[in-house]
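Here is the structure we will look at, set down as structure tokens.
The values are calculated or read from the model by the stated rules, or taken from the named source; none is laboratory data. Bear in mind that the values here come from a model prediction, so they are computed numbers and not experimental data. Quick reminder, even Gly has a Cβ in these numbers, built from the backbone with ideal geometry, and neighbours come from all protein chains shown.
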Amino acid sequence: MTTAVEFGEATIALGLMALTLVIAFVLSIRGRGAQSLEQWSVASRGFGSVLIFMLLAGEIYTTFTFLGGSGWAYARGAPAYYIIGYASVAYAASYWLLPAIWRRGVSWQVITQPDYFARAYDSPWLGRVVAIVGTCALIPYLVLQLKGLGILVSESSYGLIHADLAILLGTAALIVYVVLAGVRGSAYTAAFKDILVLCTVVGLGIALPYTLHGGIGPMFDTLIAKQPEFFVFPERGLSGTWYTSTILMTVFGFYMWPHTFGSVFAARSDAAFRRNAILMPLYQIILLFVFFIGFAAITAVPGLKGPDADLALLRVTRLSYGPWVMGLVGAAGLLTALVPGSLILMSTATILSRLITSSTGTDARGEVRIAQLMVPFVAALALFFVYRGGQTIVTLLLFAYAIVTQLFPAVLLTLLWPHRTNAMGAAAGMIAGLGVVAYTTMADVTLATILPSVTSHITDINIGVLALLVNIAVLALFTLATSGSRPAP
Amino acid sequence: MHRWLVLVPMVAILGAPWFANRIEPRIFGMPFLLAWISGWVLCTSLVLWFVDSRETSADE
């Protein structure tokens, strides 16, 4: 039974979120007139370094950071620390990796990931295989944004809007945002989002421990006294082995996302990568405050199990502060789903559009039209998986990473031994790796269940890394089995 | 040569379960493991800045 007070509070919170949505629309529509992802990437060269920095961070702060990070800190403790570590290791690795990819891509004049593979392996069909793998990885990434949108709308309505309806409303807002705004003005919307996220996360990350425990130190005192093992890696399960292997898997996949890989070719020089690599780890420190929120919620809103752990940030905010703060947090969260969600949705629709038009010879304008028509279909497919449910936001992203990381060995081969590239080997490796991911996910098995007598130092390895090893073995077999080398492309 | 320094924070973050899997000593109230990982995240920026400035001056 909803009381008049709850109705009033929900109206304030949802009103603030609606106002934010309108501002995001206005910023996007007033932005520059790019009509495709490539145009947008190239147009972004005209932005200053501050806006580029904001734009890159805008892609990084998603509902995964906002809800998933706090949810895992709340439910898992130390294993959540991988979230703060993996991006920094990826940025450090990018110091070597991105300039090498950029130099090859620019010399071949390619602008998309499938183009890069098709050129490097001298095989148009491999480009299409890569496009399909990229789409398979982007769908769970989109699913977690929609799941986050549903949680935000439902929780901010103080339960007035049921979660299933909230997901539908959130998805409708995302489709309208993509169709109306495309990727125009994304940098300004991303900057608006980041300022809002920075203020709310840092504000809550400091305020909640003080409100509920009297400070950050006293909060840890209380939690450590109750459950000291929560803040170190366990011996089995999500152990140190799991942490290190999960970081490695996400680092290998970090730049393999189709939209991220493609944006590498839009840089004017490789100096841009070095500058971003220096600045971006600083952005990860905000995750400390996300963790503080999750930890503060442990005693304030106990008992959130399984996927409900993703509600921790919103529940503790609702409990501790009024509807105005709840609305502000909901608005920031809404943007963390909308901005990256629109990019992922556009990216997936564009890849599918290219797959369809590559054989029909449609012009660029027709390609964009088909991509826009694909948007609702892609969103509907993602919705289907959202309603199947049962996964936390972090689990969904790890699954997406396990898929997209399968592209990494084939990319590495183009950089280290370009004269030994073999399209059949690359495709066989990817398919073998994806087969491992699909089997372990659908059969719900882990290394520990397959090899019960083997030490946990081995069986706790992230299944994505196991898939990667199978992928590399198959790729190596094919590459070594093919006689001799060919001229480097 | 300086470029290999980038490996230091990478190894420190990846090796956290072996180097720092404990609660004490607490740093700014945080458990040591969390402080270790976040400290090395900040150091990644510093090391990359140092390496980049060395490489840039060598190029010039």
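Here are the numbers:
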| item | result |
| --- | --- |
| Verdict on A:LEU198 being over 22 Å from A:GLY68 (Cα atoms) and in a helix (DSSP H, G or I) | no |
| Unmet criterion (only one of (1) among the aromatic types (Phe, Trp, Tyr); (2) touching a Leu at 6+ places or on another chain (Cβ under 7 Å); (3) more than 14 Å from chain B (Cβ to nearest Cβ)) for A:TRP125 | (2) |
| Any hit, region A:288-303, residues being more than 25 Å from A:SER154 (Cβ to Cβ) and not β-branched (Val, Ile, Thr) | yes |
| Set A:VAL329, A:VAL339: member being crowded, with 21+ Cβ neighbours inside 10 Å, closer than 19 Å to A:PHE291 by Cα, of a type in the set (Val, Ile, Thr) and in contact (Cβ under 8 Å) with a residue 40 or more places away in the chain | A:VAL329 |
| Where a residue in region A:80-98 is more than 9 Å from chain B (Cβ to nearest Cβ) and polar (S, T, N, Q) and its partner, wherever it lies, is in a helix (DSSP H, G or I) and buried (at least 24 other Cβ atoms within 10 Å of the Cβ), with Cβ under 7 Å and at least six apart | A:SER94/A:ALA277 |
| Selected residue (criterion: surrounded by the most Cβ atoms within 10 Å (Cβ to Cβ)) from residues of region A:251-302 that are within 14 Å of chain B (Cβ to nearest Cβ) and part of a loop (DSSP other than H, G, I, E, B) | A:PHE254 |
| Boolean, A:PHE230 is in contact with a Leu (Cβ under 9 Å, 6 or more places away or on another chain) and within 14 Å of chain B (Cβ to nearest Cβ) | yes |
| Which listed residue, of A:VAL133, A:VAL129, A:VAL179, is hydrophobic (A, V, I, L, M, F, W, C) and under 19 Å from the mean Cα position of the chain (by Cα) | A:VAL133 |
| Residue tally, condition facing chain A (nearest Cβ under 7 Å) and modelled with pLDDT of 85 or more, over region B:1-14 | 4 |
| Residue check for A:VAL316: surrounded by 24 or more Cβ atoms within 10 Å (Cβ to Cβ), modelled with pLDDT of 85 or more and more than 14 Å from chain B (Cβ to nearest Cβ) | yes |
| Of residues in region A:251-277 being aliphatic (A, V, I, L, M) and in contact (Cβ under 8 Å) with a residue 24 or more places away in the chain, the one nearest to A:PHE408 (Cα to Cα) | A:MET256 |
| Criterion: touching a Lys or Arg at 6+ places or on another chain (Cβ under 9 Å) and not charged (D, E, K, R) - qualifying residue of A:LEU238, A:LEU223, A:LEU313, A:LEU288 | A:LEU238 |
| Answer from A:ALA118, A:ALA73 - the residue that is free of Cβ contacts under 8 Å to residues at least 60 places away in the same chain and either part of a helix (DSSP H, G or I) or surrounded by fewer than 23 Cβ atoms within 10 Å (Cβ to Cβ) (or both) | A:ALA118 |
| Considering residues of region B:20-34 that are touching a helix residue (DSSP H, G or I) at 6+ places or on another chain (Cβ under 7 Å) and either crowded, with 17+ Cβ neighbours inside 10 Å or in contact (Cβ under 8 Å) with a residue 24 or more places away in the chain (or both) only, the residue farthest from the other protein chains (Cβ to nearest Cβ) | B:ALA20 |
| Yes/no for A:GLU9 being farther than 22 Å from A:ASP194 by Cα, modelled with pLDDT under 55 and part of a helix (DSSP H, G or I) | no |
| Which numbered condition A:TYR95 misses (of (1) modelled with pLDDT under 80; (2) assigned to a helix (DSSP H, G or I); (3) closer than 21 Å to A:THR63 by Cβ; (4) in contact with a Phe, Trp or Tyr (Cβ under 8 Å, 6 or more places away or on another chain)) | (3) |
| Residue list for region B:35-60, restricted to those being over 9 Å from the mean Cα position of the chain (by Cα), more than 9 Å from every other protein chain (Cβ to nearest Cβ) and at pLDDT 85 or above | B:ALA35, B:PHE50 |
| Top-ranked residue of region A:435-473 - restricted to ones that are aliphatic (A, V, I, L, M) and in contact with a Pro (Cβ under 9 Å, 6 or more places away or on another chain), ranked as farthest from A:MET424 (Cα to Cα) | A:LEU468 |
| Matching entry among A:ILE83, A:ILE52, A:ILE111, A:ILE139 (being surrounded by fewer than 22 Cβ atoms within 10 Å (Cβ to Cβ), modelled with pLDDT of 80 or more and β-branched (Val, Ile, Thr)) | A:ILE139 |
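Residue-by-condition table, conditions (1) at pLDDT 90 or above; (2) within 18 Å of A:ILE463 (Cβ to Cβ); (3) of a type in the set (D, E, K, R):
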{"residue": "A:CYS199", "(1), (2), (3)": "no, no, no"}
{"residue": "A:GLY205", "(1), (2), (3)": "yes, no, no"}
{"residue": "A:PRO209", "(1), (2), (3)": "yes, no, no"}
{"residue": "A:GLY215", "(1), (2), (3)": "yes, no, no"}
{"residue": "A:MET219", "(1), (2), (3)": "yes, no, no"}
{"residue": "A:GLU229", "(1), (2), (3)": "no, no, yes"}
{"residue": "A:SER239", "(1), (2), (3)": "no, yes, no"}
{"residue": "A:THR246", "(1), (2), (3)": "yes, yes, no"}
